[in-house]
Every structure is written in C-alpha cells, then in structure tokens.
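The values are calculated or read from the model by the stated rules, or taken from the named source; none is laboratory data. Note that the structure is predicted; figures quoted are calculated from it, not measured. Glycine gets a Cβ as well: all are built from the backbone with ideal geometry, and neighbour counts include every protein chain shown. Each accessible area value is taken on the protein alone, full model and side chains, heavy atoms only, with ligands, DNA and RNA left out. Shrake-Rupley method; radii C 1.70, N 1.55, O 1.52, S 1.80 Å.
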Amino acid sequence: LHTQTFLGHPVACAAAAASLRELAERGIPTLADQRSRYVRNLLEARGFATRGRGLMLGVEIGVDALAACRALLDRGFIALPAGASSLGLTPPAVITERQLAAFVDALVEVVR
C-alpha cells in the first residue's frame, strides 16, 4: 500500500526530531509563549478579540479584512484575511516586542 511519498520516512522523521530538539534547546517555545501573551494583551487592551494558540492568532477587527491587510502591507506589515472581518497572524517566534507594538499601532490606525 502506497499512500504518500514521505509518510513516516525515517530520514524525514530524524530531521524533524532534531529540529524540535534544537528549537527547545534555544528556548523558542518559551519565547513564543511570552510574545503571544504580550501581543494578546496589547490587542485586547485596544478592544480586539483574539483567538488561537501561541503566535498563530486570529484577530477580530470588525472591518473588511482584505482592505485592512492591504493597508497594513502599505505600512510594512503582512497579515492575511481569516474571514470577512478577521486577520490571521503568524509572526516568527523571534519577533521583538517593539515590532509587535508597532504592528498593533498600525492595526489601530487602519481600522479607524
């Protein structure tokens, strides 16, 4: 039975396990959790509802999501629509608090 080319391939599994160990050794999961709490607090303080886990977030913005994404891109930020009035955010775990705060400021400006 052949279902997928790389399903359970021993080399791919070893590479994935090594990558996960490296991320853990560098403290990336802890950093992602800290950044997630930080940006959620900023967003919720500005009246946005958030959902998700870690830095994979959905943000209800209450306006046209596609238009907001275009306006954010003009300001140097990438966000994707996740519904008619929601954004999907997936920043890297190494994003700084300063960068997150700048994004939230830009988002507030865009939805006004």
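The figures follow:
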item	result
So A65, is it touching a Ser or Thr at 6+ places or on another chain (Cβ under 9 Å) and within 30 Å of E109 (Cβ to Cβ)	yes
Matching residues, region 60-81, being in contact with a helix residue (DSSP H, G or I) (Cβ under 7 Å, 6 or more places away or on another chain) and open to solvent by less than 80 Å² (accessible area, probe 1.4 Å)	I61, G62, V63, A68, A71, L72, F77, A79, P81
Where a residue in region 31-43 is under 21 Å from V110 (Cβ atoms) and its partner, wherever it lies, is part of a helix (DSSP H, G or I) and among the aromatic types (F, W, Y), with Cβ under 8 Å and at least six apart	V39/F103
Odd one out for A12 among (1) open to solvent by 70 Å² or more (accessible area, probe 1.4 Å); (2) modelled with pLDDT under 95; (3) of a type in the set (A, V, I, L, M)	(1)
Every residue from region 15-34 that is under 24 Å from E97 (Cβ atoms) and either open to solvent by less than 80 Å² (accessible area, probe 1.4 Å) or part of a helix (DSSP H, G or I) (or both)	E22, L23, A24, E25, G27, I28, P29, T30, L31, A32, D33, Q34
Number of the exception - V104 against (1) open to solvent by 60 Å² or more (accessible area, probe 1.4 Å); (2) of a type outside the set (S, T, Y); (3) part of a helix (DSSP H, G or I)	(1)
